[in-house]
Amino acid sequence: MSTATTNAPQKRSFTAAASVYVNERTSIAGFVKELGRKAFPDHWSFLLGEVALFAFVVVLISGTFLTFFFQASMAEVHYNGSYVPLKGVEMSVAMASTLDISFDIRGGLFVRQMHHWAALLFVAAIGLHMLRIFFTGAFRKPRELNWVIGFVLFILAMAEGFTGYSLPDDLLSGNGLAIINGMIKGFPLVGTWMSFLLFGGEFPGTDIVGRLYTLHILLLPALVVAFVALHLVFVVVHKHTQYAGPGKTPGNAVGPPILPVYAAKAGGFFFIVFGVLALIASLFTINPIWNYGPYDPSPVSAGTQPDWYIGFADGALRLIPPGWEFVWLDRTWSFNILVPIIAIGVFIVLALMYPFIEAWVKGDKREHHIADRPRNAPTRTAIGAAGVTFYAGLWAAASSDLLATHFSLTMEGVIHALQAVVILGPFVAYFITKRVCIALQKKDREIVLHGFESGRIVKLPGGEFIEVHEPLDEYERWRLVSFETYEPLMLRPNSRGKITFGQRLRAGMSRWFFEDRIAPVTKGELEAGHGEHH
Amino acid sequence: MIPKRRRSMSENRKSPMNRQKRRTGRRHPLATVALLALGLVFTGGAYAAFSTGTAQAESSANSQQTIDEGKKLFQANCATCHGLEAQGTTEGPSLIGVGAAAVDFQVGTGRMPMQMQGPQAQQKPVQFTDEQVKQLAYYVASLGPGPDIPADHLTNGGGDAANGAELFRINCAMCHNVAGAGGALTEGKFAPPLTDVSGVHIYEAMVTGPQNMPVFNDMNISPEDKRDIITYLKYVQDNRSPGGFELGSIGPVAEGLFIWIFGLGSLVAITVWITAKSN
């Protein structure tokens, strides 16, 4: 490095010369030095976000290819390509060009399938990544805003997916749009106006594919890229979280540096993700629009479902009992549509705001850089399990008909069971998860204090048998004892001697969160425990 | 052995898929009768198709001998529920006027004799030989006029697949799924998958409306349109998906499960491998 600024003509390798050339013109060295020495903690669950990112890159690359051949027009043509069972059928140019991509453009079907599989993987990886963040408490200060950005990305990804699979103008996606149209029209007073605005007239009209195309390839990708960039900048600014361990403090980040080790791993991992997607795309059919045929408002196929990430909304609609729509004040009030929309909206807002809610309940304004083990935050983990159960119940309901046929059940039985899962399941899941977490914490305490069962049975001179407990090593013990507990907030009058409703609420929430808790083993307990010699 | 082989060959030509399984266990003495009957069925079927829109069971082709054999089989196997004269009982409906097509479908696909009462008759291994099925069919057809077994040219898949696909989407897909993968109905009933059904049985199902299926008579969907629908279904049966494995052709649910379990599952396994500490 020190030679870089001297202009003496020394023998330099090409790489060094090129680096110097670039640096003299961009001053990039400082940036590379700073960023390249960032440590990135090594744990498999920290790579889930990367799976999402790399899947998104695959989506971008394959999507660019598709835009060369896709025509977002709803003009009517008679299909004249290679697929026999659609020859001569009247369809939109969008559908015909998608069929051409599938059957008449070299590699088109492969890239189309790769695009779609990568999109499914993108949203799935986001989902798993979010669960990791939630259950390890990695959303706590200073990362609350990044949680919000990530959540916005999740919603943008769903929007990308929905606008994307609606583009071919096939029967399945047309039915999806018909449901969206119905949901929009379900809004009182403004619904019909909004529907006509979106579709440019009466559904389905001739505008929607072009409009969705603009959203799908211009607006939404730009937003996703912008938010991904912001998301990653925040990761660099905050440093990565890490799990508790010897030498790992809130002030450091222990792991291999980005350059060269981590960058090599991540770069290689991109090609692995690309390869897995290519393998799936070449072996497994996805969205066979040639089966679905062109959109026509009259037919609906059995087994019509949206892509998995919209499933929860479809399931919510399916679970509403009949008769929730009535006429009042000369208007139709579609509570069969409004209730699921409101329920899903509340769910999304609660999940989005959770970091702020938890921080408020705890009254905790400190920064947290050590990720929690889920058992050490029993109430949060239980709330997460309840949320997952709620979502999973809605999700499963989207496939109620397939559950019925594939498990020889009645459709009504499946629906009623899933209604119970969605309404009662979260409470059951909450209770069970909280108890399991507390039981695991008790077990951890037991292990720290008395060691783990070695399976070695010793007969004492007096004839008594005991099992020898082996003490933990210090590294393992560190992992088990280094976590924080909170106690319920005391209800105290404020400076004017009053107890406000907000404080009562907060104290109540705090009691709910932290009434049942297991404290980590203290140093004193540990020393006392060692004296006992079990 | 020679007559047996010849017989099976003649049947293979008609409908290869279902017949081959049942070649074993066939009995000799009826061979000539069956040959005769089959020849007559073709003639009669073709005649019926050409002469009138609704095929009549009263085709002159059915010899009294076939009908008598069918009656014996009927009384031994079906009369418990349908009555000795097929007049119906509390356990089963009257079969007078259902026609040969209904019997050929129900018995020929193994739905009858019914295994048990339930939301709908389940398919099970076929209980009779082809001759016996035909004998039963013509016995029932002799009781009253009804749809006949369709002629070969309507069921061999030689029509217009594109027209058939469009008709299938409009008339059939809401229960049977666009790719014929089947679908759910209410109260445990279901529309079965059409991925392994012969053309004859598809045609018979359309004209007789078995189980919960509506009848699509010739005024509703013409015989030529029915032929086109069968052509489309045969195309789907014979041509696997150009995109690779179909995952059951049941759409996004299978795709979502696949990407979560196998796509994301394999990548999570790889993340564990990448971050594993070397020992």
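The values are calculated or read from the model by the stated rules, or taken from the named source; none is laboratory data. These numbers come from a predicted model, not from an experiment. Glycine gets a Cβ as well: all are built from the backbone with ideal geometry, and neighbour counts include every protein chain shown. Note: accessible area is taken over every heavy atom of the protein model, side chains too, but ligands, DNA and RNA are not part of it. Shrake-Rupley method; radii C 1.70, N 1.55, O 1.52, S 1.80 Å.
Per residue of A:171-181, what is the mean number of Cβ atoms on other protein chains within 10 angstrom of that residue's Cβ?
Shielding by partners across A:171-181 averages 1.
Grouping the Cα pair distances of the range A:324-466 into 5 Å bins from zero gives a pair-distance distribution of 2, 8, 10, 13, 13, 12, 10, 8, 7, 6, 4, 3, 2, 1, 1, 0, 0, 0, 0 percent in increasing distance order.
Would you report the distance distribution of C-alpha pairs in the range A:402-526 as whole percents per 10 angstrom bin, up to the bin with the largest distance? Going out from 0 Å in 10 Å bins, the range A:402-526 shows 10, 20, 20, 19, 18, 9, 3, 0 percent.
When each of the peptides A:423-431, A:53-61 is scored by the mean number of other C-beta atoms lying within 10 Å of its residues, the order from highest to lowest reads A:53-61, A:423-431.
Other residues lying with their Cβ under 13 Å from the Cβ of A:S166 contribute a combined charge of -4, Lys and Arg counting +1, Asp and Glu -1.
Helix A:263-283 sits at what angle to the longest principal axis of chain A, using alpha carbons and giving 0 to 90 degrees rounded to 10? Roughly 40 degrees between the two axes. Can you tell me what percent of all Cα-Cα pairs in the range A:211-278 are more than 20 Å apart? Value for the range A:211-278 (Cα pairs over 20 Å): 58 percent.
Accessible area per residue was computed with a 1.4 Å probe on protein heavy atoms; A:E24 scores about 120 Å².
For chain A, the mean residue ellipticity at 222 nm estimated from helices alone is -19000 deg cm²/dmol, where every DSSP H run of n ≥ 4 contributes -39500 (n - 2.57) and the total is divided by all residues, rounded to the nearest 500. Mind putting together the pair-distance distribution for the range B:152-239? All Cα pairs, 5 Å bins, whole percent per bin, short to long. Reading the bins upward from 0: 3, 16, 27, 31, 16, 6, 2, 0. Peptide A:116-124 has a mean of 4 when you count, residue by residue, the C-beta atoms of other protein chains within 10 Å of its C-beta. Remark: relative contact order (the range B:58-195) = 22 percent; criterion is Cα-Cα distance under 8 angstrom and separation of 6 or more residues.
How large is the Kirkwood hydrodynamic radius of chain A, in angstrom, based on all distinct alpha carbon pairs? Display every interim value, and only then the final one.
Numbers: mean 1/r = 0.0362 Å⁻¹.
Result for chain A, one decimal place: 27.6 Å.
Probing with 1.4 Å while keeping every protein chain in the model, the per residue accessible area of the range B:152-239 equals 37 Å².
Seen against the Cα atoms of chain A and their longest principal axis, helix A:144-165 is set at about 30 degrees.
Cα centroid separation, the range A:300-375 to the range B:165-209: 36 Å.
For chain A, the longest principal axis of the C-alpha atoms and the axis of helix A:171-185 are separated by about 80°. Heavy-atom accessible area buried between chains B and A is around 4500 Å² (1.4 Å probe, both sides summed). Taking Lys and Arg as +1 and Asp and Glu as -1, the other residues whose beta-carbon sits under 14 Å from that of A:G413 total -1. Taking all protein chains together and a 1.4 Å probe, the residues A:F465, B:F190 rank A:F465, B:F190 from largest to smallest accessible area. Accessible-area rank, largest first, for B:D160, A:D100, A:D307: B:D160, A:D100, A:D307, with all protein chains present and a 1.4 angstrom probe. Convex hull of alpha carbon positions in the range B:80-186: directionally averaged projected area 8.4 nm². The heavy atoms of A:K239 offer some 80 square angstrom of accessible surface to a 1.4 angstrom probe. Which part of the range A:167-185 falls in the paramagnetic zone of A:D296, meaning amide N under 13 Å from the point 7 Å along Cα-to-beta-carbon? Hits in the range A:167-185 for A:D296 at 13 Å: A:171-172. Note on the protein assembly as shown: with neighbouring protein chains present and a 1.4 Å probe, carbon and sulfur make up 65 percent of its accessible heavy-atom surface.
Per residue of B:169-178, other chain Cβ atoms within 10 Å of the residue Cβ number 6 on average.
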